[in-house]
Each structure stands twice: as structure tokens, then as C-alpha cells.
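**Student:** Before I ask anything, let me first share the structure, which is written out below as C-alpha cells.
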Amino acid sequence: MTEVEALQAALAGEHAAMYGVGVAGGKLSGARFRAATDTFEQHRRNRDRLTRLVIAAGETPVAAEAAYDLPQAVSNTATAAALVLLIERRLTAVYGDLVEAAGQPAVRAFAIQTLLATASAQLAWGGAPVAFPGDV
Amino acid sequence: MVPGAVALASCTDDSGGSGTAGGAKSPDGVQPAEETPSTDPAIVAALTAAATLSTQLSLQYTALSTKFPALRTRLAAGAKYHASHLTRLKAVPGVQAVTGKAQAVPSTSAAALTDLAKREKAAAVAHAAAAAKVSGEHARLLAMIAAAETQLAITLTPKKKADQQ
């Protein structure tokens with residue numbers, strides 16, 4: 001996987017994450033809803049950063065889809081939190097790919113920082129520590 | 001389903017192209033008999049430093065478990081993960097951990113957990129910085145170790161009352 005391929009994969013992942021967290025937020029309230037809002041904003045910032053990196057690499061950023069298939073039905077607080085946890089887990093692996101593929105120090109630094117952030121976010125959504133977050 | 005939407009698409013193990021490959025084989029399928037260590041000395045130095053830090057953390061987990069048996073269950077996962085980190089790091093040719101001694105253990109279990117959380121956080125910072133200075137699979141390994149230490153630091157940190165509500 002080249003650096004730009006990994007950047008595009010991460011960007012596609014962030015598009016999907018924004019969609020999924022948005023759906024999950026519709027089933028949350030109170031502190032959980034606020035946490036989902038913060039999570040959504042973090043993924044928006046990641047999306048914007050990745051878009052700039054892809055453009056800087058001379059490529060056209062992958063576009064978001066109108067809708068995505070969800071891996072599970074989201075019908076209540078528990079399933080909404082489970083969806084966000086799944087999204088964060090998968091993004092951690094995507095950023096692991098980007099760390100590995102990165103050639104530019106700035107890209108690698110961003111990937112490492114975001115891998116750590118998504119690994120931490122997993123705990124906020126009901127996950128437990130693992131030996132190698134982002135391993136495939 | 002959108003192919004690029006990996007955050008919501010199902011993951012498969014057969015996609016290749018990422019992760020660390022197992023033992024390399026020659027085109028005729030024969031495993032090389034004995035490979036001379038050829039890893040970049042700078043990478044070996046970075047991974048050796050990480051292995052040494054992982055060893056020190058492992059010793060700290062052991063010391064805490066010995067002094068506070070009631071914490072053993074809570075400390076089990078972290079101890080196991082650091083052992084896994086050490087195994088992966090030492091699998092790189094030339095990497096060896098320098099074994100030291102466990103640091104002083106605080107007198108109460110609460111203080112000991114806080115101290116261990118700080119050590120995990122410091123290790124995560126060090127390993128993330130080390131990951132930024134290397135590349136490829138070694139950068140990924142160090143970043144994943146830093147991520148695990150970040151998770152462990154969070155779970156070991158006593159929750160404030162406001163967080164528990």
C-alpha cells in the first residue's frame with residue numbers, strides 16, 4: 001500500500017465514520033449524545049486534514065457516499081455505542097496502515113497521533129485495552 | 001456497500017497489503033536457514049530502547065502484584081500485554097532488552113496504580129516519539145505499543161467523581 005492509497009483509505013474511513021456516528025447519535029441522549037457530538041467533530045477534523053494531505057499529494061480526495069450499510073441495526077443506546085466502538089476499532093487499524101505506509105514525517109506523525117486517539121476513544125465507547133490496537 | 005468505507009465495511013483477513021508478514025520464504029518455498037541480522041542499527045536501537053522500557057514496566061507490574069495481591073486481576077491484562085510487546089520487539093533481529101530492577105512501589109495500592117498509570121503514559125509518549133522517527137512495520141509496531149500503553153494508562157487512572165456520574 002502506498003502512502004496516498006493509505007491516505008485515501010483513511011479518508012474513506014472518516015467519511016464512513018461521520019455517517020455512522022451521526023446515525024448512532026440519533027439514538028443517544030445526555031452525556032452520551034454530547035460524547036457522540038465530540039466524536040463526530042473529531043472525525044470531521046480528521047477528514048479535513050486527510051483531504052488536505054491527499055490534495056497535497058496531487059490526488060483527488062475520495063468522496064463520501066450518500067449512505068453506508070451499517071454492520072448492525074442501531075435501535076437503542078447499547079447498539080448505538082456498539083456501532084461507535086466498532087467504527088473506532090476499524091479506524092485504529094486504518095491508521096495503523098497509514099503509519100506503516102507513511103513516507104512523509106508529517107503524515108506519519110498525524111497517523112500516530114490519530115491511532116492513539118482512536119485507541120483511546122474505544123475505551124469511552126465500552127471497549128477494553130488490547131495488546132496491539134490497530135493490528136490486523 | 002462502498003469498497004473504500006472500511007470503517008463500516010466488514011474486515012477480511014485476506015486482503016493483504018498491511019500488517020507484518022510472517023517468516024519470509026524463498027520462491028521455492030524453503031525457509032531461509034539462518035539469516036544474518038541486517039536491520040538498520042538505528043531501528044535496532046529504537047526497538048531495543050522500547051524493549052527495555054517494556055521490560056521495566058513488566059517488572060513494575062510484577063512488583064505491584066506481589067505487594068498488593070488484591071490488584072492482581074486488575075493488573076493481569078497489562079502484564080500480559082507488555083509480555084506480548086516484548087515478544088514482538090525481540091523478534092526483530094538484533095533487538096535485546098536490558099533488564100533492570102523494578103522501581104520503588106508506593107505504599108498504598110491507590111498510589112501504586114496512579115504511579116503505574118503515569119509510567120504507562122510516559123512510555124506511550126516515548127514510544128509514539130520513537131515511532132515517528134522510524135518507518136514501515138517498525139513504526140507501526142511502536143505506534144501500536146504506544147496505543148496499548150495509552151489505553152492501559154486510562155484504565156489504571158482512578159476515575160474522578162464527575163466521571164463516574
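**Student:** Name the single residue, out of those in segment B:80-108 being more than 14 Å from chain A (Cβ to nearest Cβ) and small (G, A, S), that is surrounded by the most Cβ atoms within 10 Å (Cβ to Cβ).
**Tutor:** This residue is B:A97.
**Student:** Looking only at segment B:139-148, which residues are at the interface with chain A (Cβ under 7 Å from one of its Cβ atoms) and either touching a Leu at 6+ places or on another chain (Cβ under 7 Å) or not charged (D, E, K, R) (or both)?
**Tutor:** B:A139, B:A143, B:M144, B:A146, B:A147, B:A148
**Student:** For B:A63, are the conditions met, namely being out of contact with any Ser or Thr (no Cβ under 7 Å at 6 or more places or on another chain), assigned to a helix (DSSP H, G or I) and exposed (fewer than 15 other Cβ atoms within 10 Å of the Cβ)?
**Tutor:** no
**Student:** Going by what's in this entry, would B:G136 be described as at positive phi and at the interface with another protein chain (Cβ under 9 Å from one of its Cβ atoms)?
**Tutor:** yes
**Student:** Given the options B:A76, B:A112, name the one that is assigned to a helix (DSSP H, G or I), more than 9 Å from every other protein chain (Cβ to nearest Cβ) and surrounded by fewer than 18 Cβ atoms within 10 Å (Cβ to Cβ).
**Tutor:** B:A76
**Student:** Just for segment A:120-136: of the residues that are facing chain B (nearest Cβ under 7 Å) and among the hydrophobic types (A, V, I, L, M, F, W, C), which one is farthest from the chain's Cα centre (by Cα)?
**Tutor:** A:A131
**Student:** Counting residues that are surrounded by 22 or more Cβ atoms within 10 Å (Cβ to Cβ) and facing chain B (nearest Cβ under 7 Å), which helices (runs of 4 or more DSSP H) fully inside segment A:1-119 reach at least 1?
**Tutor:** Counting at least 1 such residues, we get A:3-25, A:77-101.
**Student:** Condition check: modelled with pLDDT under 95, under 17 Å from B:A146 (Cβ atoms) and within 14 Å of chain A (Cβ to nearest Cβ). Does B:T12 satisfy that?
**Tutor:** no
**Student:** OK, next. Just to be sure I understand the filter: pairs with C-beta atoms under 7 Å, separated by 6 or more residues or on different chains, first member in segment A:27-38 and more than 16 Å from A:Q122 (Cα to Cα), second member surrounded by 12 or more Cβ atoms within 10 Å (Cβ to Cβ) and polar (S, T, N, Q). Which pairs pass?
**Tutor:** A:K27/A:T77; A:L28/A:T77
The values are calculated or read from the model by the stated rules, or taken from the named source; none is laboratory data. Source: prediction; values computed, not measured. Neighbour counts run over all protein chains shown; Cβ positions are idealised from the backbone, glycine included.
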